[in-house]
1. Based on this model, can you work out whether D:Arg85 counts as over 21 Å from F:Glu114 (Cα atoms), within 15 Å of the chain's Cα centre (by Cα) and among the basic types (Lys, Arg)?
2. Among the residues of segment B:79-118, which ones are open to solvent by 30 Å² or more (accessible area, probe 1.4 Å) and outside any strand (DSSP E or B)?
3. Looking at (1) more than 7 Å from every other protein chain (Cβ to nearest Cβ); (2) touching a residue at least 40 places away in the same chain (Cβ under 8 Å); (3) open to solvent by less than 10 Å² (accessible area, probe 1.4 Å), which is the only condition B:Val29 fails?
4. Has segment E:86-102 got at least one residue that is at pLDDT 95 or above, at positive phi and either in contact with a helix residue (DSSP H, G or I) (Cβ under 9 Å, 6 or more places away or on another chain) or aliphatic (A, V, I, L, M) (or both)?
5. Restricting to segment B:50-67, give me the number of residues that are facing another protein chain (nearest Cβ under 7 Å) and under 17 Å from D:Ile73 (Cα atoms).
6. So is F:Val84 touching a residue at least 60 places away in the same chain (Cβ under 8 Å), over 25 Å from D:Gly134 (Cβ atoms) and of a type in the set (A, V, I, L, M, F, W, C) or not?
7. Considering each residue of segment E:40-49, count those that are farther than 14 Å from E:Tyr127 by Cα and within 11 Å of chain C (Cβ to nearest Cβ), and give that number.
8. Here are the criteria: (1) basic (Lys, Arg); (2) surrounded by 23 or more Cβ atoms within 10 Å (Cβ to Cβ); (3) outside any helix (DSSP H, G or I). Tell me which single one F:Lys131 does not satisfy.
There are 6 protein chains.
Amino acid sequence: MGEFTHLDSEGLPKMVDVSDKADTRREAVAGGTVRMKPETLRRIKSASVAKGDVLATSRLAGIMAAKRTSELIPLCHSISIGEVRVDFHLDESDSTVKITALVKSTGKTGVEMEALTGAAVAALTVYDACKSLGDEIVIDDLRLVEKRKEPPPPVTRSRNPTSDDTPDASL
Amino acid sequence: MGEFTHLDSEGLPKMVDVSDKADTRREAVAGGTVRMKPETLRRIKSASVAKGDVLATSRLAGIMAAKRTSELIPLCHSISIGEVRVDFHLDESDSTVKITALVKSTGKTGVEMEALTGAAVAALTVYDACKSLGDEIVIDDLRLVEKRKEPPPPVTRSRNPTSDDTPDASL
Amino acid sequence: MGEFTHLDSEGLPKMVDVSDKADTRREAVAGGTVRMKPETLRRIKSASVAKGDVLATSRLAGIMAAKRTSELIPLCHSISIGEVRVDFHLDESDSTVKITALVKSTGKTGVEMEALTGAAVAALTVYDACKSLGDEIVIDDLRLVEKRKEPPPPVTRSRNPTSDDTPDASL
Amino acid sequence: MGEFTHLDSEGLPKMVDVSDKADTRREAVAGGTVRMKPETLRRIKSASVAKGDVLATSRLAGIMAAKRTSELIPLCHSISIGEVRVDFHLDESDSTVKITALVKSTGKTGVEMEALTGAAVAALTVYDACKSLGDEIVIDDLRLVEKRKEPPPPVTRSRNPTSDDTPDASL
Amino acid sequence: MGEFTHLDSEGLPKMVDVSDKADTRREAVAGGTVRMKPETLRRIKSASVAKGDVLATSRLAGIMAAKRTSELIPLCHSISIGEVRVDFHLDESDSTVKITALVKSTGKTGVEMEALTGAAVAALTVYDACKSLGDEIVIDDLRLVEKRKEPPPPVTRSRNPTSDDTPDASL
Amino acid sequence: MGEFTHLDSEGLPKMVDVSDKADTRREAVAGGTVRMKPETLRRIKSASVAKGDVLATSRLAGIMAAKRTSELIPLCHSISIGEVRVDFHLDESDSTVKITALVKSTGKTGVEMEALTGAAVAALTVYDACKSLGDEIVIDDLRLVEKRKEPPPPVTRSRNPTSDDTPDASL
């Protein structure tokens, strides 16, 4: 079994020192479940075909929260996130909204807390949207689903920056 | 059953208008559970008697997150929180840390999202502290436990502000 | 003509002192226009019928930014916002997205900066979503549309808080 | 001598419960001193007559930080600040910049932490501006200077909101 | 014409995945215009020679907002900004303040949203400062002026860190 | 003597351009002192053996504030912090709490403002905890203690990412 990396030898909280670590590609997927009454789930489903829907709000809340993880979790490092995706599966079999949050980064620390924070805040936002329906909603099974770490791709610096501009003009 | 108060008649997301509501005393308690291996729980317990411990960090993370709920949950109102308390119960019978977050406020909107956000971030911080132990931790059963709303106390403005200064000089 | 209320007699920046002002109901509406190519507007329109759309993202960005106005505009007071609404009108006649942001509050200061900030950030988010289309987008005509100030409603404290709980259980 | 109001009977950190307190006018003034070499002080002085100066930056940093005190100090309440003023006195007699931060509010808690945070961040910003001069700068004597608490003024709600609009149209 | 990079194949909002992109030097310049009455412009001009002026406040607001772009624009990546400059031109010919915001970075994504956000918040802060003068101010012509992307300079790690310390001791 | 790197040739505030700088390992240690009555120090000491203590709260506040330095100090760059440590020494000889904040980073700018901000906010949080004891507390001697800059370690990308996973599973 490992050790508490957030406690020093005297039991005092500290951030793990990552300043000498090499950059690595990191990826983490977290999941969570929001349990509700079947009628509430049915309503979310019908709202989701309307223009401004419950899940769009929750998806953005999850993405934005993942980017701010280091402000919320005291000993987390602030990192440059490469991608966040939050997805929902409306599962009528057990009357739940199942949430998946994927975070990718190239850096010195893992991104599981970012994925978990994204999933948690997306779930809280589903809760917030549905609480006026009078349902007793429960958030369950918030956990890491998958985590990967691999060397970064070889640096192939674009020799021709202008030609590279077309597909991702936005970047 | 109620309606989605966060969707207008066209299904677009909106904040509920509370500007004409009277101030009311609000209180909400949320709970959540962090499941882990017995060995992990045992370690938290022993770390908790050390000077800088897992639960102190999680408690502060929960309190600070509750104060920032309106930045995380898109359609939540920003409110003046009167009190936040985050408590932990280490339950060896099922190898869990049980979290309770209490939020009090006097204002125009309820505080259940603040309590839930406090409990969720406290749980995520327990997760963050324990993930290096290699355990598969799961956050479960995050839900509202209790909610109260009552008229505010009659305004009895202190006639004698100086004499009132002694006990709460800090305020 | 008035005076710079944000400069003191020596020309130094200061927040206006509002601590002795009575609470008043405030409302402000700001507008802004995002100009683009007709093809870009047509695409936004078709994206808007899909589940996750450009305008839903921009609406939430505007609402969330309005709540954080006092962090962005140095001499703005932090206030309790009662409601924010951000609306869009896709105007094919001049190939624009017209944005309206409404903010309501009961407090000591006006909310025009909150409405303007909400409209500005909603417009920037439309820009962000469309920039990959290669269009030259321009944000124009960001201005106050309307502002109101009136005494707050008489305080009619709910004598019967429980019966009041049904319609807005969420609050 | 008083008690730690931020520790409960078991020694656990908590926010003080202020939800039942009456609103009171609060005012606090904090001071701080930045010590430097006479040459550094002379340079700040000459920069201060230029258009963008060291003290203007530090003043705004102090004002903006005072508004965010509750995000920085874990057990502070978030409050509505009525006014913040940050002032500087360049004292050649002992080669210091003396900082004063005044905060006013009408609410349930005092504002001394807001005044102290404003003074501290203003001092840090002076430091940041001057560190490239190679001086060994020290921030000293950061403390509460004055604190007042009095009943709020009687609520005289403006009967005639429109006529009241002229002088402070901006509010 | 390009595609919406912020919508996936199902039309759901997502952040663009940049985790495999090489670091590139990026630069973007955004511009904006604040239209006002000639008298208001004249007053800003005279205030600008005073110690604490309208434009110094707006400049800092723009710089600070550019650094926080990823918190405001939901699908923007958080990046390390290398430089922000905000400049103003008081143009009496058409009674406007013309704003330019330049942002530089070395990273995986462009910085045009950072430049636009800086210009927008600087413009809003000019508005905030001038609204008490009773003028009808309009923010116009907020747009990207220029954007560059080029390979980063060859990494020439300083072999002699101490000798490098003198000119930029502050860094 | 150096120059104000935060003022351009016209005396206008600007961020220093670091976009072309090579990444370097940086380290800074800042110190500060909180002066109080002996009785207050004695109480902190006894509280520190309890479960939730004054110093644990202050330590976390300092760590979290160091991570947010660029939001507080207007012209600071946002950086990726590798490690933050905040330590306290209770010195009965002069009735003070002595604070040390260490920050490490690998990047383009130094971390002395991060270390100073961490020490300052830790000191303010000690103040906040003790102010209810009625003591006149003073924060003194906040200054840089040490600063280092050296080339980063050679990049030795882990060829075998899985075997590397065991010791720092948490990252």
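The values are calculated or read from the model by the stated rules, or taken from the named source; none is laboratory data. What you see is a predicted model, and the numbers here were worked out from it, not measured in a lab. Neighbour counts are summed over all protein chains in view; Cβ atoms, including those assigned to glycine, are modelled from backbone coordinates with ideal geometry. Ligands, DNA and RNA are stripped out before the accessible areas are found, and what is left, the full protein with its side chains, is counted by its heavy atoms. Shrake-Rupley method; radii C 1.70, N 1.55, O 1.52, S 1.80 Å.
1. Considered against the rule, which asks whether it is over 21 Å from F:Glu114 (Cα atoms), within 15 Å of the chain's Cα centre (by Cα) and among the basic types (Lys, Arg), D:Arg85 comes out as yes.
2. Answer for segment B:79-118, where residues must be open to solvent by 30 Å² or more (accessible area, probe 1.4 Å) and outside any strand (DSSP E or B): B:Ile79, B:Ser80, B:Glu92, B:Ser93, B:Asp94, B:Lys108.
3. (3)
4. There is at least one residue in segment E:86-102 that is at pLDDT 95 or above, at positive phi and either in contact with a helix residue (DSSP H, G or I) (Cβ under 9 Å, 6 or more places away or on another chain) or aliphatic (A, V, I, L, M) (or both).
5. 9
6. When the stated conditions are applied, F:Val84 does not pass them.
7. Counting residues in segment E:40-49 that are farther than 14 Å from E:Tyr127 by Cα and within 11 Å of chain C (Cβ to nearest Cβ) gives 5.
8. (3)
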